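Everything below concerns the one structure shown next.
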Amino acid sequence: MIVQNSTRKPIVAGNWKMNGNKPLIQLLEDSLATADLAHLEVVICPPFPYLGMFGGLNALGAQNMSQFDGGAHTGEIAASMLKECGCQYVILGHSERRAGHAETNDVVASKVKKALEADLTPILCVGETEEIRDSGNLFAFLAEQIDAVVQEIGVNEFSKLVLAYEPIWAIGTGKTASPAQAQEVHHFLREHLAKKNSDIAEKIRILYGGSVKGSNAKELFSQQDVDGGLIGGASLDPEDFLSICLAAKQ
Ligand code: PGA
């Protein structure tokens with residue numbers, strides 16, 4: 001059984017996906033600078049070319065990286081390069097990468113390993129389609145996504161990871177998981193890890209992602225096992241993104 005731990009510092013990470021532009025960088029930084037956000041970690045994950053254009057006020061993350069160290073992989077980016085560009089985080093296993101770029105659980109696991117070797121913090125995404133949820137295989141499916149990574153890096157390395165639960169049916173659809181649905185899965189993920197290492201399970205931060213907005217963030221983030229959010233569409237709106245940051249648990 002996991003005891004509630006108030007020492008998990010919340011994270012709100014904005015995943016711009018293939019959106020945004022140079023002016024948005026300034027607008028977002030100006031908006032975030034108007035508030036005291038010391039109670040959480042704010043992470044911005046813009047497209048690669050913009051990574052070097054931020055002012056250093058907030059942590060930076062990439063949206064993907066290669067599972068290779070370097071060499072003849074045209075168009076790919078290595079973990080060490082992200083580190084050199086000031087990234088602290090990297091989103092791995094996003095459902096858009098899994099579905100649109102054939103990233104299997106094994107590929108995701110090897111990327112997580114490479115990210116850790118470069119001292120980047122992976123934000124490891126897991127999540128199910130509506131069909132999987134309806135079929136009753138939700139928890140087995142999520143366990144498989146987690147276990148592929150456990151097998152590759154060992155459970156102790158999960159102390160260096162952030163997890164993100166992103167139900168695919170809620171991404172970009174406006175159909176948010178209810179706070180109870182999010183809590184149910186976050187609790188499952190924590191208990192699943194607790195069977196392997198209860199200390200790590202208690203400390204790991206689990207973000208919710210899928211149509212989070214300023215208007216629903218507070219209720220989602222108030223759930224016991226929800227430690228912040230991975231925000232797509234709303235991260236492109238500086239005002240809404242700020243209100244999501246302010247909704248993170250104190
Ligand atoms: P959304 O995307 O907030 O636009 O639903 C979340 C994500 O894909 O990370």
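The values are calculated or read from the model by the stated rules, or taken from the named source; none is laboratory data. Worth saying up front: this structure is predicted, and the values here are computed from it rather than measured. Counting neighbours? That spans all protein chains shown, and the Cβs are built from the backbone with ideal geometry, glycine included.
Of all positions in the stretch 78-98, at least one carries a residue that is acidic (Asp, Glu), at pLDDT 95 or above and within 24 Å of Asp227 (Cβ to Cβ). Tallying residues that are assigned to a helix (DSSP H, G or I) and in contact with a helix residue (DSSP H, G or I) (Cβ under 6 Å, 6 or more places away or on another chain) within the stretch 117-137 yields 2.
Determine whether Leu220 is in a helix (DSSP H, G or I) and within 13 Å of the ligand (Cβ to nearest atom). Spelling it out, Leu220 is indeed in a helix (DSSP H, G or I) and within 13 Å of the ligand (Cβ to nearest atom).
Scan the stretch 126-137 for residues that are buried (at least 17 other Cβ atoms within 10 Å of the Cβ) and under 19 Å from Val108 (Cα atoms) and the total you get is 3. Annotation note: Cβ proximity below 8 Å between a residue of the stretch 162-179 that is at positive phi and a residue that is in a loop (DSSP other than H, G, I, E, B) and within 7 Å of the ligand (Cβ to nearest atom) (sequence gap 6+ or interchain) occurs for Gly172/Ser211; Gly172/Gly232; Gly174/Ser211. Considering only residues that are part of a loop (DSSP other than H, G, I, E, B) and either among the polar types (S, T, N, Q) or within 15 Å of the chain's Cα centre (by Cα) (or both), look in the stretch 176-186 and name the one that is farthest from the ligand (Cβ to nearest atom). The qualifying residue farthest from the ligand (Cβ to nearest atom) is Ser178. Using the structure shown, decide if Ile204 is within 12 Å of the ligand (Cβ to nearest atom) and either under 20 Å from Ile91 (Cα atoms) or of a type in the set (A, V, I, L, M) (or both). Answer is no for this residue.
With a requirement of 3 or more residues that are free of Cβ contacts under 8 Å to residues at least 60 places away in the same chain and under 17 Å from Pro238 (Cα atoms), the helices (runs of 4 or more DSSP H) lying completely within the stretch 1-110 that satisfy it span 22-32.
Listed here are the residues, each with its yes/no results for (1) away from the ligand (no atom under 15 Å from the Cβ); (2) surrounded by fewer than 21 Cβ atoms within 10 Å (Cβ to Cβ); (3) part of a strand (DSSP E or B).
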{"site": "Gly174", "(1), (2), (3)": "no, yes, no"}
{"site": "His192", "(1), (2), (3)": "yes, yes, no"}
{"site": "Tyr208", "(1), (2), (3)": "no, no, yes"}
{"site": "Phe241", "(1), (2), (3)": "no, no, no"}
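For Ala247, which of the numbered conditions (1) of a type outside the set (Ser, Thr, Tyr); (2) closer than 22 Å to His39 by Cα; (3) touching a residue at least 40 places away in the same chain (Cβ under 8 Å) fails to hold? That leaves (3) as the condition not met. Note on the stretch 155-167: among residues that are under 16 Å from the mean Cα position of the chain (by Cα) and more than 9 Å from the ligand (Cβ to nearest atom), the one that is surrounded by the most Cβ atoms within 10 Å (Cβ to Cβ) is Pro167. Taking each residue of the stretch 199-217 that is closer than 16 Å to Gln183 by Cβ and looking for partners that are basic (Lys, Arg) and at pLDDT below 95 with beta-carbon atoms closer than 9 Å, six or more apart or interchain, yields Gly210/Lys175.
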